[in-house]
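A short worksheet on the structure shown next.
The values are calculated or read from the model by the stated rules, or taken from the named source; none is laboratory data. Please read all numbers here as calculations on a predicted model, not as lab measurements. As a convention, Cβ positions derive from the backbone with ideal geometry for all residues, glycine included, and neighbour counts pool all protein chains shown.
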Amino acid sequence: MRLILLGPPGAGKGTQAEKLVDRLSIIQISTGDMLRQARRDQTEAGKLAEDYMKSGVLVPDEIVVNIVRDRLNQEDCRPGYILDGFPRSVEQAQALDETLKDRGEQMDAVISLTVPDEELVMRLLARQREDDNETVIRKRLNVYTQQTEPLIDYYRSSGIIKEIDGLGDINEVFDRIISALPQSGNASQAQTG
Ligand code: AMP
(Lines give C-alpha, C1' and ligand atoms only; values in the text may rest on other atoms or scores of the structure.)
Protein backbone atom coordinates (compact mmCIF):
# COMPACT_ATOMS: atom_id res chain seq x y z
CA MET A 1 0.00 0.00 0.00
CA ARG A 2 1.40 3.39 -1.02
CA LEU A 3 -0.31 6.44 0.38
CA ILE A 4 0.03 10.19 0.38
CA LEU A 5 -1.26 12.16 3.35
CA LEU A 6 -2.21 15.64 2.24
CA GLY A 7 -3.45 18.43 4.44
CA PRO A 8 -2.56 21.78 5.99
CA PRO A 9 -0.18 22.01 8.95
CA GLY A 10 -2.06 20.93 12.04
CA ALA A 11 -4.55 18.71 10.17
CA GLY A 12 -3.21 15.64 11.96
CA LYS A 13 -1.13 14.09 9.18
CA GLY A 14 1.67 13.00 11.51
CA THR A 15 -0.71 11.54 14.09
CA GLN A 16 -2.72 9.63 11.51
CA ALA A 17 0.43 8.49 9.71
CA GLU A 18 1.66 6.87 12.93
CA LYS A 19 -1.61 5.01 13.36
CA LEU A 20 -1.51 3.89 9.73
CA VAL A 21 2.04 2.62 10.23
CA ASP A 22 0.77 0.38 13.03
CA ARG A 23 -2.29 -0.80 11.16
CA LEU A 24 -0.79 -1.38 7.73
CA SER A 25 2.78 -2.33 8.72
CA ILE A 26 4.33 0.08 6.27
CA ILE A 27 6.70 2.94 6.97
CA GLN A 28 6.08 6.67 7.27
CA ILE A 29 8.17 9.11 5.27
CA SER A 30 7.84 12.59 6.74
CA THR A 31 9.83 15.22 4.87
CA GLY A 32 9.36 17.63 7.80
CA ASP A 33 10.95 15.10 10.20
CA MET A 34 13.72 14.30 7.73
CA LEU A 35 14.52 17.97 7.21
CA ARG A 36 14.56 18.62 10.97
CA GLN A 37 16.94 15.67 11.37
CA ALA A 38 19.12 17.00 8.53
CA ARG A 39 19.30 20.34 10.34
CA ARG A 40 20.31 18.67 13.60
CA ASP A 41 22.98 16.70 11.72
CA GLN A 42 24.03 19.89 9.92
CA THR A 43 24.12 18.13 6.54
CA GLU A 44 24.36 20.22 3.40
CA ALA A 45 20.60 19.84 2.80
CA GLY A 46 19.90 20.64 6.45
CA LYS A 47 21.88 23.86 6.31
CA LEU A 48 20.18 24.91 3.09
CA ALA A 49 16.72 24.16 4.52
CA GLU A 50 17.14 26.07 7.77
CA ASP A 51 16.07 29.59 6.83
CA TYR A 52 13.10 28.42 4.77
CA MET A 53 11.79 26.29 7.61
CA LYS A 54 12.20 29.04 10.20
CA SER A 55 10.13 31.42 8.12
CA GLY A 56 7.48 28.85 7.24
CA VAL A 57 8.01 28.70 3.49
CA LEU A 58 8.71 25.64 1.38
CA VAL A 59 12.24 24.35 1.10
CA PRO A 60 13.23 24.34 -2.61
CA ASP A 61 11.75 21.38 -4.51
CA GLU A 62 15.11 20.04 -5.63
CA ILE A 63 16.34 19.51 -2.06
CA VAL A 64 13.16 17.78 -0.91
CA VAL A 65 12.74 15.69 -4.05
CA ASN A 66 16.29 14.36 -3.70
CA ILE A 67 15.75 13.48 -0.04
CA VAL A 68 12.57 11.56 -0.91
CA ARG A 69 14.16 9.77 -3.88
CA ASP A 70 17.04 8.56 -1.72
CA ARG A 71 14.66 7.43 0.99
CA LEU A 72 12.47 5.47 -1.45
CA ASN A 73 15.54 3.55 -2.58
CA GLN A 74 15.92 2.00 0.84
CA GLU A 75 14.85 -1.58 1.29
CA ASP A 76 12.20 -0.92 3.95
CA CYS A 77 10.08 1.00 1.42
CA ARG A 78 9.39 -2.10 -0.65
CA PRO A 79 6.19 -3.25 1.07
CA GLY A 80 4.77 0.25 0.89
CA TYR A 81 4.96 3.66 2.51
CA ILE A 82 3.02 6.68 3.68
CA LEU A 83 4.24 10.01 2.39
CA ASP A 84 3.52 12.59 5.08
CA GLY A 85 4.09 16.21 4.06
CA PHE A 86 5.26 15.37 0.54
CA PRO A 87 4.44 16.34 -2.18
CA ARG A 88 3.67 19.93 -1.25
CA SER A 89 3.66 21.56 -4.69
CA VAL A 90 2.57 20.54 -8.17
CA GLU A 91 6.25 20.44 -9.17
CA GLN A 92 6.96 17.96 -6.37
CA ALA A 93 3.96 15.85 -7.41
CA GLN A 94 5.25 15.76 -10.98
CA ALA A 95 8.72 14.76 -9.76
CA LEU A 96 7.11 12.05 -7.63
CA ASP A 97 5.15 10.77 -10.63
CA GLU A 98 8.40 10.48 -12.56
CA THR A 99 10.09 8.65 -9.71
CA LEU A 100 7.17 6.24 -9.37
CA LYS A 101 7.17 5.61 -13.09
CA ASP A 102 10.89 4.78 -13.00
CA ARG A 103 10.23 2.41 -10.11
CA GLY A 104 7.20 0.81 -11.77
CA GLU A 105 5.02 1.83 -8.82
CA GLN A 106 1.68 3.57 -8.39
CA MET A 107 0.04 5.41 -5.53
CA ASP A 108 -2.96 3.59 -4.08
CA ALA A 109 -4.61 6.61 -2.49
CA VAL A 110 -4.15 10.25 -1.59
CA ILE A 111 -5.81 11.04 1.73
CA SER A 112 -6.67 14.73 1.98
CA LEU A 113 -7.47 15.80 5.55
CA THR A 114 -9.65 18.88 5.80
CA VAL A 115 -9.80 21.08 8.90
CA PRO A 116 -10.99 24.73 9.14
CA ASP A 117 -8.23 27.36 9.47
CA GLU A 118 -9.18 28.64 12.93
CA GLU A 119 -9.06 25.11 14.35
CA LEU A 120 -5.64 24.64 12.71
CA VAL A 121 -4.27 27.80 14.31
CA MET A 122 -5.52 26.65 17.73
CA ARG A 123 -3.97 23.22 17.33
CA LEU A 124 -0.64 24.60 16.12
CA LEU A 125 -0.42 27.17 18.91
CA ALA A 126 -0.92 24.34 21.40
CA ARG A 127 2.06 22.50 19.89
CA GLN A 128 5.56 23.67 20.80
CA ARG A 129 7.75 23.76 17.77
CA GLU A 130 10.04 26.63 16.83
CA ASP A 131 8.00 27.27 13.66
CA ASP A 132 4.71 27.29 15.58
CA ASN A 133 4.44 30.96 16.57
CA GLU A 134 1.39 32.76 15.21
CA THR A 135 3.16 34.74 12.45
CA VAL A 136 4.88 31.66 11.06
CA ILE A 137 1.71 29.59 11.46
CA ARG A 138 -0.28 32.06 9.33
CA LYS A 139 2.53 32.05 6.79
CA ARG A 140 2.52 28.24 6.62
CA LEU A 141 -1.26 28.17 6.18
CA ASN A 142 -0.93 30.66 3.33
CA VAL A 143 1.79 28.61 1.73
CA TYR A 144 -0.50 25.58 1.98
CA THR A 145 -3.37 27.39 0.24
CA GLN A 146 -1.17 28.82 -2.48
CA GLN A 147 1.18 25.95 -3.24
CA THR A 148 -0.15 22.71 -1.80
CA GLU A 149 -3.93 22.92 -2.13
CA PRO A 150 -3.73 22.84 -5.95
CA LEU A 151 -2.61 19.23 -5.49
CA ILE A 152 -6.17 18.29 -4.57
CA ASP A 153 -7.24 19.05 -8.13
CA TYR A 154 -4.07 17.46 -9.48
CA TYR A 155 -4.92 14.16 -7.78
CA ARG A 156 -8.66 14.48 -8.42
CA SER A 157 -7.93 14.07 -12.06
CA SER A 158 -6.23 10.74 -11.36
CA GLY A 159 -9.23 9.63 -9.31
CA ILE A 160 -7.29 8.40 -6.27
CA ILE A 161 -8.03 11.24 -3.86
CA LYS A 162 -10.13 10.65 -0.73
CA GLU A 163 -11.27 13.76 1.08
CA ILE A 164 -11.58 13.08 4.80
CA ASP A 165 -13.06 15.32 7.49
CA GLY A 166 -10.18 15.85 9.93
CA LEU A 167 -12.34 17.27 12.73
CA GLY A 168 -13.15 15.20 15.78
CA ASP A 169 -11.60 12.43 17.81
CA ILE A 170 -8.29 11.00 16.53
CA ASN A 171 -9.73 7.47 16.38
CA GLU A 172 -12.84 8.60 14.54
CA VAL A 173 -10.72 10.34 11.91
CA PHE A 174 -8.59 7.21 11.66
CA ASP A 175 -11.68 5.05 11.07
CA ARG A 176 -12.78 7.42 8.31
CA ILE A 177 -9.38 7.03 6.65
CA ILE A 178 -9.40 3.23 6.91
CA SER A 179 -12.89 3.04 5.40
CA ALA A 180 -11.74 5.19 2.49
CA LEU A 181 -8.71 3.05 1.65
CA PRO A 182 -8.78 0.71 -1.31
CA GLN A 183 -9.33 -3.01 -0.73
CA SER A 184 -6.02 -4.09 0.81
CA GLY A 185 -6.22 -1.48 3.56
CA ASN A 186 -9.65 -2.69 4.59
CA ALA A 187 -8.55 -6.31 4.37
CA SER A 188 -5.70 -5.55 6.72
CA GLN A 189 -8.17 -3.94 9.12
CA ALA A 190 -10.27 -7.12 9.12
CA GLN A 191 -7.23 -9.21 9.99
CA THR A 192 -6.10 -7.10 12.91
CA GLY A 193 -9.60 -6.37 14.20
P1 AMP B 1 6.12 19.83 8.52
O2 AMP B 1 6.75 19.15 9.68
O3 AMP B 1 5.63 18.86 7.47
O4 AMP B 1 5.08 20.83 8.91
O5 AMP B 1 7.28 20.67 7.78
C6 AMP B 1 7.97 21.71 8.44
C7 AMP B 1 8.67 22.58 7.42
O8 AMP B 1 9.58 21.79 6.65
C9 AMP B 1 7.74 23.23 6.39
O10 AMP B 1 7.19 24.43 6.86
C11 AMP B 1 8.70 23.43 5.22
O12 AMP B 1 9.53 24.56 5.44
C13 AMP B 1 9.59 22.21 5.29
N14 AMP B 1 9.03 21.10 4.47
C15 AMP B 1 8.55 19.89 4.90
N16 AMP B 1 8.14 19.13 3.88
C17 AMP B 1 8.38 19.88 2.75
C18 AMP B 1 8.16 19.67 1.36
N19 AMP B 1 7.60 18.53 0.89
N20 AMP B 1 8.54 20.65 0.51
C21 AMP B 1 9.10 21.79 0.93
N22 AMP B 1 9.30 22.07 2.23
C23 AMP B 1 8.96 21.12 3.14
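A few points about this structure:
- Condition check for Arg88 on (1) in a loop (DSSP other than H, G, I, E, B); (2) farther than 17 Å from Val143 by Cβ: one failure, at (2).
- Within the stretch 95-119, tally of residues that are in contact (Cβ under 8 Å) with a residue 40 or more places away in the chain, under 18 Å from Met1 (Cα atoms) and exposed (fewer than 12 other Cβ atoms within 10 Å of the Cβ): 1
- Selection over the stretch 15-31 of residues that are within 15 Å of the ligand (Cβ to nearest atom) and in contact with a helix residue (DSSP H, G or I) (Cβ under 8 Å, 6 or more places away or on another chain) gives a count of 6.
- If the condition is being in contact (Cβ under 8 Å) with a residue 24 or more places away in the chain, loosely packed, with under 15 Cβ neighbours inside 10 Å and part of a helix (DSSP H, G or I), then the stretch 42-82 contributes Lys54, Ser55, Asp76.
- Boolean, Gly85 is under 12 Å from the mean Cα position of the chain (by Cα) and on the phi > 0 side of the Ramachandran plot: yes
- Long-range neighbours under 9 Å by Cβ, at least six apart or interchain, first residue more than 15 Å from Arg140 (Cβ to Cβ) within the stretch 4-15, second within 10 Å of the ligand (Cβ to nearest atom) and among the acidic types (Asp, Glu): Ile4/Asp84; Leu5/Asp84
- Among the residues here, Thr135 qualifies as of a type in the set (Ser, Thr, Tyr) and more than 29 Å from Leu24 (Cα to Cα).
- Test: residue in the stretch 84-100 that is more than 15 Å from the ligand (Cβ to nearest atom) and not small (Gly, Ala, Ser): yes
- Filter result for Gly12 (away from the ligand (no atom under 11 Å from the Cβ), small (Gly, Ala, Ser) and either surrounded by fewer than 21 Cβ atoms within 10 Å (Cβ to Cβ) or at pLDDT 95 or above (or both)): yes
- Scanning the stretch 11-63 for residues that are touching a strand residue (DSSP E or B) at 6+ places or on another chain (Cβ under 6 Å) and of a type in the set (D, E, K, R) yields one hit, Lys13.
- Yes/no for Glu134 being surrounded by fewer than 13 Cβ atoms within 10 Å (Cβ to Cβ) and in contact (Cβ under 8 Å) with a residue 40 or more places away in the chain: no
- Scanning the stretch 171-187 for residues that are assigned to a helix (DSSP H, G or I), of a type in the set (A, V, I, L, M) and surrounded by 13 or more Cβ atoms within 10 Å (Cβ to Cβ) turns up Val173, Ile177, Ile178, Ala180.
- Criterion (under 17 Å from the mean Cα position of the chain (by Cα) and either more than 12 Å from the ligand (Cβ to nearest atom) or loosely packed, with under 12 Cβ neighbours inside 10 Å (or both)) met by exactly one of Tyr155, Tyr144: Tyr155
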